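Data block below; observations after.
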Amino acid sequence: MSEADRIETEIEIRVPDGYSEMARLDVYLTRSILNASRSKVQRGIKDGRVSVNDSVVTRASYAVQPGDRIVCMILRSPPIVAVPQPIPLDIIFEDDWLIVVNKAAGMVVHPAYGNRDGTLVNALLHHVGASAVSLDEEANEDEDAGLSLVNAFPERPGDVSVRPGIVHRLDKDTSGLLVVAKDDVTHADLAGQFSTRTIGREYVGLVWGVPDPAEGRIDRRIGRDPRDRKRMAVVRSGGKEAATTYRLLESFGDSSMISFRLETGRTHQIRVHATSVGHPILGDETYGGRDVKRWGLSRVRRATYRNILDSLTRQALHARSIHFVHPKTRELVSFESPLPGDMADAVERLKRAS
């Protein structure tokens, strides 16, 4: 794709007044802009597309200062088009109004710049016989935020109901249950249930350490990590309200299996909350879950966990159950999904080792 095909977008970034790291401009922008690489940022700076406090800066080595106002002119690709693809789906339930899918770890929910195809949306379009659709990559990033594809589909005579829409989301490497609406009325109803927090969801995760107390509630706001904008973090101000309840299911001495229930649905919520109380999800590279050395393990135990992590190549988090009021029948429906093979194998190995 040539630069002539791209769309220029202005992004403004305010450096917090309390910022003290004094990072290079290219490093700071790479952390702050989603889907940005350092080489592309450096090229943009060199081409005069970045200004600091209303003055163009062409040195990537400029030291970012507290209170700086940075404006970037970004060349973005045109809207992403999702095309139907014959990708296998593990469908737990389907009727005329909705689909409940058991998403595999490693599957991205919807196309984005880094994953333009091979996603759940591509598979669903093929499954329901829909046409290609243009997506807005700037959609709300919260896990409870839906992705409505309804208005993008041309109406087909005699079949206006089959227009899937993602009601909520799971991280790429989180496995488990997702609800997909087939029409706009169903999508709106389910989205409303998420908004009013009447949908019940349980996740099961393997975490480092054993929580004390054995059950509780984590109520901490979540926002972008000011040191790395591609991560989320618990923040003192700003961010969004986030609450997670947890319960210890089984202890393995140095790690444990936990049940999590979401009261809200923020990006990376369980992963961030678990890390914030000192129990990151096992295998979670983004939030410290693969750092075996930090837990003070014996040489033998370190070897055990390294062997487990060799097979467990993602965060050990699974959306195990969900219940909601069916938008058409108004009956309470519930669905469950067993632990996937990689997590079940890790549990058995941890039991033997402990």
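The values are calculated or read from the model by the stated rules, or taken from the named source; none is laboratory data. Here the structure is a predicted model, which is why all the values come from computation and not from measurement. FYI the Cβ positions are ideal-geometry reconstructions off the backbone, even for glycines, and counts take in every protein chain you see. Side chains included, ligands, DNA and RNA excluded: accessible areas come from the protein's heavy atoms. Shrake-Rupley method; radii C 1.70, N 1.55, O 1.52, S 1.80 Å.
Give the residues of segment 220-229 that are touching a residue at least 40 places away in the same chain (Cβ under 8 Å), assigned to a loop (DSSP other than H, G, I, E, B) and of a type in the set (D, E, K, R), sorted by residue number. Those that are touching a residue at least 40 places away in the same chain (Cβ under 8 Å), assigned to a loop (DSSP other than H, G, I, E, B) and of a type in the set (D, E, K, R): R220, R227.
All conditions but one from (1) within 29 Å of V234 (Cα to Cα); (2) out of contact with any Phe, Trp or Tyr (no Cβ under 6 Å at 6 or more places or on another chain); (3) open to solvent by less than 10 Å² (accessible area, probe 1.4 Å) apply to H326; the one that does not is (1). Inspect all residues belonging to segment 267-275 and state whether any of them is at pLDDT below 95, more than 22 Å from H168 (Cα to Cα) and outside any helix (DSSP H, G or I). No: segment 267-275 contains no residue that is at pLDDT below 95, more than 22 Å from H168 (Cα to Cα) and outside any helix (DSSP H, G or I).
Checking segment 99-112 against the condition returns a match, with at least one residue being open to solvent by 50 Å² or more (accessible area, probe 1.4 Å) and either farther than 21 Å from I11 by Cβ or under 20 Å from the mean Cα position of the chain (by Cα) (or both). Among the residues of segment 72-92, is any at pLDDT 95 or above, charged (D, E, K, R), crowded, with 19+ Cβ neighbours inside 10 Å and touching a strand residue (DSSP E or B) at 6+ places or on another chain (Cβ under 8 Å)? So far as segment 72-92 goes, no, none of its residues is at pLDDT 95 or above, charged (D, E, K, R), crowded, with 19+ Cβ neighbours inside 10 Å and touching a strand residue (DSSP E or B) at 6+ places or on another chain (Cβ under 8 Å). Residue count for segment 219-238 satisfying the condition of being modelled with pLDDT of 95 or more and open to solvent by less than 10 Å² (accessible area, probe 1.4 Å): 1. For segment 168-219, the set of residues classified as without any contact (Cβ under 8 Å) to a residue 60 or more places away in the chain and in contact with a helix residue (DSSP H, G or I) (Cβ under 7 Å, 6 or more places away or on another chain) consists of D184, H187, I218, listed by residue number.
Which one of these does G158 not meet: (1) modelled with pLDDT of 55 or more; (2) open to solvent by 10 Å² or more (accessible area, probe 1.4 Å)? Going through the list (1) modelled with pLDDT of 55 or more; (2) open to solvent by 10 Å² or more (accessible area, probe 1.4 Å), G158 breaks only (1). Hey, any hits in segment 292-314 for a residue that's in contact (Cβ under 8 Å) with a residue 12 or more places away in the chain, of a type in the set (D, E) and open to solvent by 60 Å² or more (accessible area, probe 1.4 Å)? Scanning segment 292-314, I find no residue that is in contact (Cβ under 8 Å) with a residue 12 or more places away in the chain, of a type in the set (D, E) and open to solvent by 60 Å² or more (accessible area, probe 1.4 Å), so the answer is no.
Considering each of S2, S20 in turn, give the residue that is open to solvent by 30 Å² or more (accessible area, probe 1.4 Å), at pLDDT below 85 and farther than 30 Å from H126 by Cα. Step by step, each of S2, S20 is checked, and only S20 is open to solvent by 30 Å² or more (accessible area, probe 1.4 Å), at pLDDT below 85 and farther than 30 Å from H126 by Cα.
Here the condition is being farther than 30 Å from T186 by Cβ, under 28 Å from the mean Cα position of the chain (by Cα) and buried (at least 16 other Cβ atoms within 10 Å of the Cβ); of V50, V15, it holds for V15 alone.
Yes or no: segment 11-22 includes at least one residue that is in contact with a helix residue (DSSP H, G or I) (Cβ under 9 Å, 6 or more places away or on another chain) and under 30 Å from G283 (Cβ atoms). Yes, that holds for at least one residue. When R320 is tested against (1) in contact (Cβ under 8 Å) with a residue 24 or more places away in the chain; (2) outside any loop (DSSP other than H, G, I, E, B); (3) loosely packed, with under 15 Cβ neighbours inside 10 Å; (4) touching a strand residue (DSSP E or B) at 6+ places or on another chain (Cβ under 9 Å), only condition (3) is not met. Scanning segment 62-98 for residues that are of a type in the set (A, V, I, L, M, F, W, C) and under 27 Å from E8 (Cα atoms) yields A63, V64, I70, V71, C72, M73, I74, L75, I80, V81, A82, V83.
Consider segment 230-259 and keep the residues that are assigned to a strand (DSSP E or B) and of a type in the set (S, T, N, Q). The one that is nearest to R38 (Cα to Cα) is T244. Comparison of P280, P340 shows that the only residue that is at pLDDT 95 or above and open to solvent by less than 30 Å² (accessible area, probe 1.4 Å) is P280.
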